[in-house]
Structures are given as structure tokens and as C-alpha cells.
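> Sharing a structure with you now.
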Amino acid sequence: MESYGFVSLIPALLTIILAVKTRNVIISLGFGSFSGAVIIKHYNPFQGALYLVETKIFDQISSPSNNQVLITIGIIGGFIKLVESSGGTQAFAKKMTEVISSPLKAQVSTWLCGLGIFFSDSGNSLILGPLFSPIYKKLGICKEKLAYILDSTSAPICILIPFISWGAYIMSLIETTYADMGIEANPLSVLLTAMPYQFYALLTLLAVPIIAYLGKDFGPMLKAQKEYIPEEIETTEITLEGTTTVWAIIIPLLTLFVSLGTLMTYYYLGKDGLTSTHIRTALFISYLIASLSTALYSRIKNNRPFLESVRTFVKGGESMIFIFYILILAWTLSSVCKEMQTGQYIAENIKEFVSPGIFPMIVFFLGALISISTGTSYGTFAILMPIALPVAYDLQASLVITLAAILSGGLFGDHTSPISDTTVIASMGAECDHMKHVNTQLVYSMVTGMVAGICFLIAASFQSPFVLLFGAILLVLTLLVVTKKFGESV
């Protein structure tokens with residue numbers, strides 16, 4: 001495979017620069033991918049365009065796993081539209097406003113619900129966004145805050161669950177990499193051992209209720225909150241028509257969770273275990289069943305014709321087209337970066353200059369850099385595991401903590417990247433401008449990321465789960481200082 005050296009960074013850097021400048025993620029992804037294709041085809045724009053479409057974009061569209069993701073997201077969109085049109089989300093919002101009477105309760109409730117929807121990073125944002133959006137409007141909380149909480153309880157909780165697609169994917173990488181190093185190990189045991197050291201995921205989940213309790217925003221989030229109040233709080237009201245009750249949302253969600261739990265248990269106990277395909281199959285079928293239950297409830301309660309529910313379901317799927325474009329282009333850019341060995345170039349240029357004591361921390365920030373550049377934590381895991389773990393083994397650094405650093409670094413970058421699919425979906429779920437979400441979340445993520453980096457530095461020398469307790473205390477103190485100095489209640 002041809003080596004591109006420093007030039008391999010151009011597609012990722014161009015994409016990020018354009019995303020910041022244009023605030024248009026599709027244009028940014030498109031030009032970034034095109035620049036990489038042109039470089040691959042020896043700087044021939046015509047050949048680069050053909051190569052981009054035929055070999056990259058069409059390959060991503062034809063990928064079975066990618067198709068499964070797109071179709072599943074379409075089904076989720078249809079389900080959400082059905083529930084919204086049935087009055088379920090409005091009924092839920094009206095009912096919850098009787099209990100959720102303050103911004104603190106709203107944010108903590110969103111956080112708790114986010115922890116409960118651990119089976120799908122995209123499903124988290126797409127389900128909770130429409131549910132809580134009316135409540136946030138009623139209480140005068142900006143969309144950017146909702147997007148931040150959705151994003152902070154999607155991938156960060158999913159990466160901690162071994163029996164969903166995230167866990168299955170990570171364990172497959174662990175198994176392959178350990179086997180290549182000649183080490184016999186149970187990938188599930190390795191992943192569970194690494195869990196207390198997944199500092200970024202755990203600290204991000206902790207940061208949400210802390211920030212909510214402190215009641216102060218800072219940085220771009222503070223600016224967004226100040227600008228939001230005079231525009232929408234005075235005119236936004238939650239209304240509920242007809243005979244719809246909160247059961248219009250409870251029944252579909254109960255149906256969804258029961259179906260999902262049943263199917264996942266069936267697959268988990270099967271001979272193949274819970275694979276990524278099984279996860280997507282379970283989601284697909286469960287959302288269809290839940291959609292059917294929504295249509296049936298609307299028929300019985302409001303005499304709504306099934307044909308009208310079908311049309312609504314289709315419209316919901318159509319509303320996901322913008323997400324489809326972004327996902328396809330994000331996958332395309334990741335494929336381009338993989339061919340140009342962007343991640344390998346970054347990793348190989350630092351491995352000669354580190355010691356075992358700082359190696360996990362270096363891997364953490366390196367993983368973040370790769371993930372920000374490529375927009376994918378999955379791709380970062382695949383890049384770094386076969387590179388960083390053997391280096392850690394040679395340096396006699398902790399394999400478990402290095403593994404946790406890879407996972408945390410990939411998640412950190414994914415959480416802050418404007419081209420990450422989970423970041424995009426969080427924006428969509430909160431109906432928030434994407435680049436506003438990226439900009440407002442960045443400062444909050446950086447605070448957590450810095451604390452996580454310090455934890456990896458300490459964990460390299462003191463391999464104890466109690467490092468997490470130190471990190472939690474440090475995070476609380478850091479947020480107290482930051483909010484006191486730069487924060488403000490609005």
C-alpha cells in the first residue's frame with residue numbers, strides 16, 4: 001500500500017476546517033473526501049471524482065452493515081414521527097411538566113432516561129430528543145444544552161455495555177489483537193477489566209448531573225442560553241388536543257423495550273452470541289412492532305385510519321434523508337483516511353518518543369486526535385488497537401489501561417468531532433444547528449477530557465480502579481472552579 005506521509009492528514013484537516021468555517025457538514029465531508037480521492041489518484045481531479053464515487057461512496061452504500069444502519073435509522077424515524085403525530089410526545093411533555101418544574105429536574109431526567117436507553121447510540125438521541133424538546137422549550141433551556149446531554153448519554157453509555165453492538169465490535173478487535181501478540185485471553189474478561197479505566201466515558205456521564213446541579217453555564221453554551229431566552233421562552237407553549245393521554249407514548253415504548261429485550265436475550269443465548277447484525281435486526285423488528293402498536297393505539301383511541309399511520313411512518317423515514325447523506329459521507333471520509341493510513345501516520349510518528357509511564361496518556365490524546373480527524377470512534381479503535389497494544393506490550397506498559405486509553409481517546413474525539421455521526425444525530429434529535437452543538441459542547445468535553453488524561457497518567461503508575469474516584473473528585477473540583485470563575489446563571 002502506498003505511503004502518503006504528512007499528506008494523509010489533508011482530507012481530515014480540510015474537512016474540519018471547512019466544518020468550522022462553513023458550518024455545513026455535508027459540504028465539509030464532501031470536499032474532504034474529494035481531496036483525499038484526488039491525492040490517491042495522483043492529483044488528477046477527474047480520476048479522483050470517478051474513484052470517489054465508484055470505489056468509495058458506492059462501496060459505502062452497498063455495504064451490508066451500512067445498509068442495515070441506514071434502514072434501521074429510517075425505521076426509527078418512522079416510529080418517532082408516528083409517536084409525535086399520535087400526540088404521545090406532547091402528552092408526555094405536558095405530564096412531565098407537572099413534575100419537571102425546573103431546569104435541574106429536566107436535565108437530570110434527560111440524563112437518567114439516556115442511561116436507560118443503552119442499546120443504541122443513535123436511538124438515544126432520536127427517541128429522547130423529541131420527548132424532551134417541548135419540556136426544554138417550556139422551561140427556557142436552549143437546544144444546545146439538550147443536544148449536549150443527548151450526546152453525553154449516547155456513545156458514553158453504549159461503550160460500557162458489553163452485550164450490544166459496541167461491545168461485540170470491541171471484543172472482536174481485542175480477540176484479534178491479543179491473538180496476533182500471542183496472548184491467550186477472554187475478550188469479555190479483558191473488556192470488563194478495562195471498564196473502570198474508561199475514564200472519559202465514565203466522567204462524561206458524571207459531568208452531566210454535576211453541571212445541571214451547579215446551574216451555571218460557561219463558554220459558548222452560556223452565550224447560546226442567553227440568546228435563546230428572549231427568542232422562544234415567552235411564546236412556546238405545550239398543547240394537547242383530543243383524547244390522547246400519556247399512554248400514547250408509554251405503550252409504544254413498553255412494546256419497544258419488551259420486544260428488544262426478548263430478541264436480544266434470544267440472540268445472546270444462541271450459538272452465535274449477540275453480534276452487530278443481531279443487534280440491528282433486533283432494533284429493526286422492535287421498532288416495527290412498536291410502530292404497529294402506536295398505529296393500533298391511534299386507531300382504537302382516536303379512530304385514526306391505518307393508512308394515515310402508514311403515510312406518517314413513511315414521512316418519518318423520509319425525514320432521516322439528511323442524516324443518511326451525512327452518514328454516507330462520513331463513512332466515505334473514514335474509508336479515504338483508512339486507505340491513506342492517516343491514523344497509522346499519526347501513531348507511528350510518536351511511538352519512538354514515549355515511556356511506559358506516559359504511554360496510556362499519549363495513546364488517549366492520540367486516539368482523540370485520530371477520532372476528531374476521521375469522525376469515527378469505531379475506526380479509531382480499529383486503527384490503534386493493532387498498533388498501540390503491541391507497543392505497550394514491548395514497553396511493558398499495562399495492556400488493560402492502554403486498551404482503556406484507546407477506547408476513551410476514540411470516544412473523546414468522537415464526542416468533539418463535527419463529522420461524527422453520533423454528534424450529528426444528537427444535533428438532529430435536539431433540532432439544534434449542528435455547528436452550534438459542536439461549539440457549545442467542545443468546552444465541556446475539553447474539561448472532561450483533560451481530567452481523563454490526568455487519570456491515565458496516574459493509572460499508568462498506580463493501576464487501581466480507585467483512580468476513577470480521584471478523577472471524579474478532580475472533575476467536581478474543576479467544574480466548581482470553572483463555573484465560579486467563568487459561569488453564570490441565566
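> Evaluate the range 325-333: report whether one residue or more is among the aromatic types (Phe, Trp, Tyr), modelled with pLDDT under 80 and out of contact with any strand residue (DSSP E or B) (no Cβ under 6 Å at 6 or more places or on another chain).
So far as the range 325-333 goes, yes, one or more of its residues are among the aromatic types (Phe, Trp, Tyr), modelled with pLDDT under 80 and out of contact with any strand residue (DSSP E or B) (no Cβ under 6 Å at 6 or more places or on another chain).
> I'd like the full set of residues that are in contact (Cβ under 8 Å) with a residue 24 or more places away in the chain, more than 21 Å from residue 340 (Cα to Cα) and assigned to a helix (DSSP H, G or I), limited to the range 366-398.
Answer for the range 366-398, where residues must be in contact (Cβ under 8 Å) with a residue 24 or more places away in the chain, more than 21 Å from residue 340 (Cα to Cα) and assigned to a helix (DSSP H, G or I): 389, 390, 391, 392, 393, 395.
> Of (1) within 22 Å of residue 131 (Cα to Cα); (2) modelled with pLDDT under 90, residue 271 satisfies all except one. Which?
Condition not satisfied by residue 271: (1).
> Of (1) outside any helix (DSSP H, G or I); (2) within 24 Å of residue 104 (Cα to Cα); (3) not small (Gly, Ala, Ser), residue 463 satisfies all except one. Which?
Here residue 463 clears every test but (2).
> Working carefully through the options 192, 206, 173, 160, find the one that is modelled with pLDDT of 95 or more and of a type in the set (A, V, I, L, M).
Checking each option against the conditions leaves just 206.
Yes/no per residue for (1) surrounded by fewer than 24 Cβ atoms within 10 Å (Cβ to Cβ); (2) within 19 Å of residue 463 (Cβ to Cβ); (3) in the same structural domain as residue 32 (by TED's automatic domain parsing):
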{"residue": "358", "(1), (2), (3)": "yes, yes, no"}
{"residue": "372", "(1), (2), (3)": "yes, no, no"}
{"residue": "383", "(1), (2), (3)": "no, no, no"}
{"residue": "399", "(1), (2), (3)": "yes, yes, no"}
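> Given the criteria out of contact with any helix residue (DSSP H, G or I) (no Cβ under 6 Å at 6 or more places or on another chain), in a helix (DSSP H, G or I), at negative phi and modelled with pLDDT of 95 or more, does residue 450 qualify?
yes
> Could you check the range 18-69 and list, in sequence order, the residues that are crowded, with 19+ Cβ neighbours inside 10 Å and closer than 30 Å to residue 252 by Cα?
Passing the criteria: only 69.
> Pull up the range 93-111, narrow it to residues that are modelled with pLDDT under 85 and of a type in the set (Lys, Arg), then point me to the one that is surrounded by the fewest Cβ atoms within 10 Å (Cβ to Cβ).
Taking the candidates together, the pick is 95.
> Residue 413 is checked against (1) out of contact with any helix residue (DSSP H, G or I) (no Cβ under 6 Å at 6 or more places or on another chain); (2) assigned to a helix (DSSP H, G or I) and fails just one. What number does that condition carry?
The number of the failed condition is (1).
> Give just the number: which of (1) under 30 Å from residue 427 (Cα atoms); (2) within 25 Å of the chain's Cα centre (by Cα) does residue 268 not satisfy?
Every listed condition holds for residue 268 apart from (1).
> Going by what's in this entry, would residue 477 be described as free of Cβ contacts under 8 Å to residues at least 24 places away in the same chain and assigned to a helix (DSSP H, G or I)?
yes
> Out of all the residues in the range 168-213, which are among the small types (Gly, Ala, Ser) and touching a residue at least 40 places away in the same chain (Cβ under 8 Å)?
Those that are among the small types (Gly, Ala, Ser) and touching a residue at least 40 places away in the same chain (Cβ under 8 Å): 168, 194, 201, 207, 212.
> Now for a different question. Can you tell me how many residues within the range 122-179 are more than 20 Å from residue 268 (Cβ to Cβ), out of contact with any Pro (no Cβ under 9 Å at 6 or more places or on another chain) and among the hydrophobic types (A, V, I, L, M, F, W, C)?
So the answer is 13.
> If a residue must be hydroxyl-bearing (Ser, Thr, Tyr) and not in a helix (DSSP H, G or I), how many such residues does the range 260-303 contain?
Summing the residues that are hydroxyl-bearing (Ser, Thr, Tyr) and not in a helix (DSSP H, G or I) in the range 260-303 gives 1.
> Is there a residue in the range 28-43 that is under 21 Å from the mean Cα position of the chain (by Cα), aliphatic (A, V, I, L, M) and at pLDDT below 85?
Looking for residues that are under 21 Å from the mean Cα position of the chain (by Cα), aliphatic (A, V, I, L, M) and at pLDDT below 85, one finds at least one in the range 28-43, hence yes.
> Out of everything in the range 1-27 that is among the hydroxyl-bearing types (Ser, Thr, Tyr) and under 26 Å from residue 436 (Cα atoms), what residue ends up being modelled with the highest pLDDT?
15
> Which numbered condition trips up residue 425, out of (1) surrounded by fewer than 19 Cβ atoms within 10 Å (Cβ to Cβ); (2) among the β-branched types (Val, Ile, Thr); (3) at pLDDT below 90?
Tallying (1) surrounded by fewer than 19 Cβ atoms within 10 Å (Cβ to Cβ); (2) among the β-branched types (Val, Ile, Thr); (3) at pLDDT below 90, residue 425 fails exactly one: (1).
The values are calculated or read from the model by the stated rules, or taken from the named source; none is laboratory data. The shown structure was predicted, so the numbers you read here are calculated from the model rather than taken from an experiment. Note: ideal-geometry Cβ built from the backbone for every residue, glycine included; neighbour counts use all protein chains shown.
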